[in-house]
1. Top mean-square fluctuation among 207, 281, 32, Gaussian network model of the chain, C-alpha springs under 10 Å?
2. Using the structure shown, select from 42/123; 123/147; 42/147 the pairs with a Cα to Cα distance greater than 30 angstrom.
3. Would you mind working out the magnitude of the charge dipole of the chain relative to its Cα centre, with +1 at each Lys and Arg C-beta and -1 at each Asp and Glu C-beta, to the nearest 20 Debye?
4. Obtain the nm distance between the two label points defined at residue 119 and residue 310 by a simple spin-label model: each point lies 7 Å from its Cα along the Cα-to-C-beta direction.
5. Over the chain, with a Gaussian network built from C-alpha contacts below 10 Å, which listed residue (222, 264, 59) shows the highest mean-square fluctuation?
6. Whole number in Å², please: accessible area per residue of the chain, 1.4 Å probe, ligands, DNA and RNA not counted.
7. Please give the contour-minus-distance gain from residue 354 to residue 174: 0.36 nm per residue of separation, less the Cα-Cα distance, rounded to one decimal in nm.
8. For the chain, what are the DSSP H helices with axial Cα length of 30 Å or more and mean Kyte-Doolittle hydropathy of at least 1.6?
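The values are calculated or read from the model by the stated rules, or taken from the named source; none is laboratory data. In this text the structure is predicted, and so the values were computed from the model without any measurement. Cβ atoms come from the backbone with ideal geometry, glycine included; neighbour counts cover every protein chain shown. For accessibility, only protein heavy atoms count, side chains too; no ligands or nucleic acids. Shrake-Rupley method; radii C 1.70, N 1.55, O 1.52, S 1.80 Å.
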Amino acid sequence: MLWVAASVVTLGFLVALEIAARHYGMAGPLTNQAREVIFPPKSGFLLYASMALMMVVLTWRQRFIALCTAIGIDAVVLLARWAAGADLTEGHPFGNGALWVLLGCAVVAVTRRTGAERALLLKGVGLGLLLVAGRKTGDTWLVITSKTRPTVLDQYVATADHALGDPSWLVGRLVRATGPVGAHALDYVYAQLAVAAVVVTMYQLRNVAAERRFPRHHLVRTFLVIGLVGPAVYMVFPVVGPVFAYGADGGHWAVADLWPDTPTPVTGPHHMAFDGITPRNCMPSLHTAWATAIFLHSRKGPRVLRFAGAFWLVATLTATLGFGYHYGADLVAGVVFTLTIEAALRSLERGWDRTGTRLVLHGAAVFAALLLSYRYLPVEMAEYPWVSGPLLILAMASVIHGYVRTTRLWDPVPVPVPKQPEPQPEPA
């Protein structure tokens, strides 16, 4: 019943978002996803990653058949487009096959499976489709933020960012100094964040096919909640980012062409009007939030997975700052945001108690204090950076420390297996 209720709520949300998108004269998430059954998808990697998530419920033989079927369908579709003279440069030339396999498994679950096997396969399909729907929903929501929030608060955040030493300006110059090689590498990491999440999730769900059940908590849950709650903050605190508000990408809407060479002057910040196209998706940084979630969930994996999780976090933070998509203040808020959500989900999994409630309330209070300080105390923060900067870092560190200390108490302590006494030779 819980899965049915969640499915109904998700479908209702997607329908509402589709209606809202139509109101602004654009296609919504349902329409965009339906187009990718035939037309070139926006991200073929994401569709194959979604299919990989679904395959955790299949046997190895079924996984091989599903993968070969998806590749075969993609080959046929690509040849058909080439023969018809279709434009092969729009979108990715692959990915339709993975979506067809996902939908086909849903049909098989309804028509050929019963009982627990049907429920398990539908859960796997739903997991894969949720990843795709989350991406489409996010794209639509970003456009809505640009249509409904004509003014942005970048001047407030940029002023407050002086307390942290203007990290976006500093990292922006460093990334530019690395040339096209460094920029392309960071751009790939930034764009393929969902694929990294799938790798960690597949490790967490590696035993689903054998145990015939999902674990109670895994990375996808955290990813989805971050994607649902985060955009609501965009509407409350709309920010476009330094590359748009203070860079050439902002055109005539930018305050001036300052990023990344010249830090902004400390003046009284004001609301500033901006175009109806650029997403107001900076506060908090959800790329930072998702990368932090990947890092947290990779800690219990093998060494290579832990190293990959740490690398993806560092590379994502570098990209968000170095490309001018975020201010340093956004990243601090994103880390606190993720730890608070992860603490709430883990408390929900194990049952709420005093320690979990205290941790969630502490994280929520720090997050609210960050937003209020960025909005109402930016000038004071910029005038006294040696006080306000360490205070921001200490506030974030307090949430990190509380999370680590509390979750260590929650994690089961392995009981050492007593050694069996070695047989002793009997005396003759």
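1. 207
2. Pairs exceeding 30 Å: 123/147.
3. Dipole size: approximately 1600 debye.
4. Rounded to a tenth, the inter-label distance reads 4.1 nm.
5. Its mean-square fluctuation being the largest, the pick is 59.
6. 51 Å²
7. Working it through step by step, the gained length comes to 60.3 nm.
8. None pass (Cα extent of 30 Å or more, hydropathy at least 1.6).
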